[in-house]
Structures are given as C-alpha cells and as structure tokens.
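Report on the structure given below.
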Amino acid sequence: MEQVRADGFDEFVAARWSALLHVARLLTGGDRQRAEDLVQEALVKLWFAWPKVAEQAPEAYVRTVLVRMAARSAKRRWWGERPVERLPDRADPGDVSSTVAERSWIRLAEKGRGRALHAAWSRSDVLASWDGWWHQQIAQYGYDPALKPVPGATGLITLEGNSAAFFPLYPTLMRLVSECTGLGLYGVGMTVSVVASFVAALGIYAVTRRLGDHRAGPVAAGLWAVWPGSGTEWSGYSESLYTALAAWACHAVMSRRWLTAGLLTCAAGLCRPTAAALVAALAVAALLSLRRREDGVRRPLGAVAIAPLGLFCYLAWVNYRLGDVNGYSKLQDGAWAHKFDWGVHSFHVLTSVLVGHFDYLFAMPFGDVIGLCVVLMVPVLTVLLLRLRPPAVLVVHTGLSYLMVMTTQQYFGNVSRYLLPLFVPLALALRRLRWPSLATVLGTAALASGSYAGYVLFELGVP
C-alpha cells in the first residue's frame, strides 16, 4: 500500500513541481528560497493526506495549503538572513565619511524595516491570498501570451499561470484606474472594489424599493453588507463589481430598459462565470415580455442578443487558446478542482457537517457550518420570496445561481455569496422594526460577520 502511494505521489510531484513553485513564488513576492520551503512543507502535508485526495484534487489541496502557509508566514516580523550570490561592494577603508554615512543609513533603515515589511505583507494578505494575486498579475502583465494546455499528473488540462481562469473586467478596470491615477495595483484593486460595493448597495436598494418601500431598500442593502462572506466586498475580489452589475441589470429589466439590461449583463459576463444565471434570467424575462407584447419585439430581442456576448466571447477565447471546446471547464477542474458534479460534493458536505465530520475536500469547519445554516434557510426564504410575486428575472437569477453553486465542487462556504435576491423577504420583514431595534440587529450581524471575515481572510488566508 505504501509503495502504491509512493508511486502515485512521486509521479504527481515530478509532474507539478514547477507549477507549484510558480504559485509559491507569487505568494512570496518572488523569493525562490521561501517558495521552495513552502512547496516542500505543503508536499509533506500532501503525503499524509494522499490516500484521501489522490483521486480527487491533489493539486488543489496543495495550493490551498500553500496559500494558508504563505498568509501565516507573512505576519511574522522576523524574516531571517537572505543569502546572496555576490557580496555588495565596500567603500575604501580609509573613506571614513562613506562608512559613517552607510552606518547612519542602515540605522535609520533598520528602525522601520521590520515594521514596513510587516505592514506591507499584512496589508497584502487579503489581496495576495487568492484571486487578488491573479488579478494583479493580469492587470500588470496581461494574460500569458503563450497560453497553452499542459498535461497534469491526473491527465487534466492545467496552465502554468492559471490566469485564464479569471475573467478580464476587474483586472482591466484596475489597469485603467492605475494608469489614470498613478496608484499602485493594490490600492487600485481596493478602490475599485470599495466603489463598486457602494454602487451595488444602491442597486440592491433600488431593486428592493420597487418590491417594497423606501424603508425596505436600506435594510436590504444593510443585510448584503453584513451577510456571511461579505468580507470579499472590500478585498481584491470581483465580488462587489459583479453584484453591482447584476443588481442594476435586474433593476433595468424590472423598469423595462432592455438595452441597458443587456449591456450590464454583457459586462457581468466579463466579470464572473456565474453571469450565466443572469443571462438566463434576462432571457426568460424577455420571452415573457414578448408573450405579453409589452415592449414590442426589438428591444427585448436586442437585450437577449447582447447579454451573453461577454461571457461567451471570453469562454470561446479560452477554449480556442487551449484547443479544446471544453477547455475552460477542464482548466477549472485541473487547476482549482472546481467542476460540475451534479451536487455530489455538496451532498457529501451536508451529510458530513450535520454529524460533525470534516473529512471532505476543501474542508473549512467554521465557514462550512455557516454555509450549512444558510443552505437550511434557503427553502424558507424562497417561499417567502415567491409569496411577494417578484419579477421573473429575480426568481430565475436566484434559482439558477443556487443550483450552479450546489451542483459544483468548490468551497462550500461560498454558497451564501450567490443568494442576493433572498435578502428581499428578510428586508421586508425587518422593515417593521423601529430604527433602534433595526440598528441593533444589523450592528450585531455586522460584528459577527466582521469576525468571520477577519478569521477567513487573515487566519485561513482564503476567502
């Protein structure tokens, strides 16, 4: 048994060492020695977990371990000595002024060096932990011009950089804002996310107000701000940007501004693959409009034609560069172990968490328990939403987003981030509270959500 495990393990290490080292170097700011140490430590952990993950997603397991270890090591103040190939030139021993100047500079530098390095790495923990690093690389260098499939140890298609797994709208905005303002990519990424979060909150307010009243709108926006997983709203993620586009696209459909809805949905398709649910929701709403003959034919059909262009064009480009009609899906599976599995992984998580077991892939006990609570709330919230007789665009978007998440193998804790319209019935229920009581409820939820976000972002290192 040990020999079989050793053979499979050795084959994986030989095939994926360079790719894992590349990821580790990104996480360590290009430090090859620290990167090699991280990879070696991660592979030791993989050896003990090999029987469990060998047939599922060994590379995804190693990447997760790498990210967590990099995030933890980034918090250490002492970085140790760094060997160099060539010693720096020294001034003439007789040149006392150079010696004094050098020593003075060293003293001044050393006073702030530890704090500066620690602050820089602590600041970039969230951004460098996961998606943020890839968005930075795309914004700075673009997609790998030599994008091509690389066979992995499991026979799946992977990429050395894996950057093609990330959609282009968010890094493109980062690049544009950086060139216009002169800000660094970290500051630009945070700026785009923060601004987009306020735009998203306004969109949620506008959608909810059409279904309720002026009091329900702010409550729904507040719920979104404190919902589990809201820590990604102000991080190097495309979460806020997609939410803003989706909320305003739904609002445009509800107000029958079809071309605006089509353009916003097209942009959302360049932001995240979950825009497929938004495209389908707009198409259903347009078909219902055509059936009722409310807005003519050209505008609804024009919106249906425009909406999928962003998503389909990007996926087509990735598939073409990979030389595979299903290249993007295979890339997600090979690089990140994200794949459509008809809900097998979600069922395994649900049945395991309910009995206190956490032996499944991507196990994160704290986050998964919260995700389970949200999933158990979904049937009740769905019934409450349907009783409001909401527009079809909201029902279809919510239902398909939920099905996409539950039938896909990925981090289970992400479930709650895709249930945007389910805030509406909660907001309509909470609007009856007086402002002091409402502030207490939202404030308590904000403290709980903030604690959870801090734990996930800064302790686990993986949103």
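The values are calculated or read from the model by the stated rules, or taken from the named source; none is laboratory data. The structure displayed is predicted, hence computed values, not measured ones. FYI the Cβ positions are ideal-geometry reconstructions off the backbone, even for glycines, and counts take in every protein chain you see. When the accessible area is computed, the model is the full protein with side chains, heavy atoms only, and any ligands, DNA or RNA have been set aside. Shrake-Rupley method; radii C 1.70, N 1.55, O 1.52, S 1.80 Å.
Return the residues of region 304-326 that are closer than 19 Å to Phe166 by Cα, modelled with pLDDT of 85 or more and surrounded by 14 or more Cβ atoms within 10 Å (Cβ to Cβ); say none if nothing qualifies.
Pro308, Leu309, Gly310, Leu311, Phe312, Tyr314, Leu315, Trp317, Val318, Asn319
Conditions (1) closer than 14 Å to Trp134 by Cβ; (2) open to solvent by less than 70 Å² (accessible area, probe 1.4 Å), marked per residue:
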{"residue": "Ala165", "(1), (2)": "yes, yes"}
{"residue": "Pro168", "(1), (2)": "yes, yes"}
{"residue": "Met174", "(1), (2)": "yes, yes"}
{"residue": "Cys180", "(1), (2)": "no, no"}
{"residue": "Leu185", "(1), (2)": "yes, yes"}
{"residue": "Thr191", "(1), (2)": "no, yes"}
{"residue": "Ala200", "(1), (2)": "no, yes"}
{"residue": "Val207", "(1), (2)": "no, yes"}
{"residue": "Leu211", "(1), (2)": "no, yes"}
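Got a sec? Which of Val53, Val13 is modelled with pLDDT of 70 or more, among the β-branched types (Val, Ile, Thr), open to solvent by 20 Å² or more (accessible area, probe 1.4 Å) and under 27 Å from Asp131 (Cβ atoms)?
Values: Val53 fails: open to solvent by 20 Å² or more (accessible area, probe 1.4 Å).
Exactly one residue qualifies, and that residue is Val13.
Within region 237-271, restricting attention to residues that are of a type in the set (Phe, Trp, Tyr) and at pLDDT below 95, which residue is farthest from Thr191 (Cα to Cα)?
Step one: list which residues in region 237-271 are of a type in the set (Phe, Trp, Tyr), which gives 237, 242, 248, 258.
Narrowing the set further to residues that are at pLDDT below 95 leaves 237, 242.
Values: Tyr237: 11, Tyr242: 15 Å.
Among residues in region 237-271 that are of a type in the set (Phe, Trp, Tyr) and at pLDDT below 95, the one farthest from Thr191 (Cα to Cα) is Tyr242.
Please specify each residue of region 45-66 satisfying the condition of being among the hydrophobic types (A, V, I, L, M, F, W, C) and not in a helix (DSSP H, G or I). Reasoning before the result, please.
Just the residues of region 45-66 that are among the hydrophobic types (A, V, I, L, M, F, W, C), to begin with: 46-50, 53-54, 57, 60, 62, 65-66.
Correct list: Ala54, Ala57.
Which of the residues belonging to region 286-303 are assigned to a helix (DSSP H, G or I) and open to solvent by 90 Å² or more (accessible area, probe 1.4 Å)? Don't jump to the end; show me each part of the working.
Keep residues of region 286-303 that are assigned to a helix (DSSP H, G or I), which gives 286-292, 298-303.
Passing the criteria: Leu287, Arg291, Arg292, Arg298, Arg299.
Residue check: is Leu381 in a helix (DSSP H, G or I), among the hydrophobic types (A, V, I, L, M, F, W, C), more than 15 Å from Met406 (Cβ to Cβ) and open to solvent by less than 30 Å² (accessible area, probe 1.4 Å)? So that I can check it myself, show each step before the final result.
Values: in a helix (DSSP H, G or I): yes; among the hydrophobic types (A, V, I, L, M, F, W, C): yes; more than 15 Å from Met406 (Cβ to Cβ): no; open to solvent by less than 30 Å² (accessible area, probe 1.4 Å): yes.
Here the answer is no, as Leu381 does not meet what is asked.
Quick one: Asp341 ticks every box in (1) more than 19 Å from the chain's Cα centre (by Cα); (2) closer than 30 Å to Leu288 by Cβ; (3) open to solvent by less than 50 Å² (accessible area, probe 1.4 Å); (4) at pLDDT 85 or above except a single one, so which number is it?
Evaluating Asp341 over (1) more than 19 Å from the chain's Cα centre (by Cα); (2) closer than 30 Å to Leu288 by Cβ; (3) open to solvent by less than 50 Å² (accessible area, probe 1.4 Å); (4) at pLDDT 85 or above leaves (2) as the failure.
Return a yes/no flag: does region 214-229 have any residue that is free of Cβ contacts under 8 Å to residues at least 40 places away in the same chain, out of contact with any Leu (no Cβ under 6 Å at 6 or more places or on another chain) and outside any loop (DSSP other than H, G, I, E, B). Before you say what the answer is, go through the steps one by one.
Taking region 214-229 as the starting set, the residues that turn out to be free of Cβ contacts under 8 Å to residues at least 40 places away in the same chain are 214, 218, 221.
Now drop any that are not out of contact with any Leu (no Cβ under 6 Å at 6 or more places or on another chain), which leaves 214, 218, 221.
From what's left, outside any loop (DSSP other than H, G, I, E, B): 218, 221.
Yes: one or more hits.
Working only within region 286-323, note down all residues that are over 15 Å from Ala252 (Cβ atoms) and touching a helix residue (DSSP H, G or I) at 6+ places or on another chain (Cβ under 6 Å).
Taking region 286-323 and keeping what is over 15 Å from Ala252 (Cβ atoms), we get 287-288, 290-293, 296-298, 301, 305, 308-323.
Result: Leu288, Leu290, Pro308, Leu309, Gly310, Leu311, Leu315, Val318, Asn319.
Consider Leu270 against the criteria (1) touching a residue at least 12 places away in the same chain (Cβ under 8 Å); (2) out of contact with any Phe, Trp or Tyr (no Cβ under 7 Å at 6 or more places or on another chain); (3) open to solvent by 20 Å² or more (accessible area, probe 1.4 Å): it satisfies all of them except one. Which criterion is unmet?
(2)
Of everything in region 252-265, what is surrounded by 24 or more Cβ atoms within 10 Å (Cβ to Cβ) and touching a residue at least 40 places away in the same chain (Cβ under 8 Å)? Give them in sequence order.
Val253, Trp258, Ala261, Gly262, Thr265
Take Arg256 and decide whether it is charged (D, E, K, R), closer than 22 Å to Arg209 by Cα and in contact with a Ser or Thr (Cβ under 8 Å, 6 or more places away or on another chain).
Values: charged (D, E, K, R): yes; closer than 22 Å to Arg209 by Cα: yes; in contact with a Ser or Thr (Cβ under 8 Å, 6 or more places away or on another chain): yes.
Spelling it out, Arg256 is indeed charged (D, E, K, R), closer than 22 Å to Arg209 by Cα and in contact with a Ser or Thr (Cβ under 8 Å, 6 or more places away or on another chain).
If Leu287 satisfies all but one of (1) of a type in the set (A, V, I, L, M, F, W, C); (2) in contact (Cβ under 8 Å) with a residue 40 or more places away in the chain; (3) farther than 12 Å from Pro308 by Cα, what's the number of the condition it fails?
Tallying (1) of a type in the set (A, V, I, L, M, F, W, C); (2) in contact (Cβ under 8 Å) with a residue 40 or more places away in the chain; (3) farther than 12 Å from Pro308 by Cα, Leu287 fails exactly one: (2).
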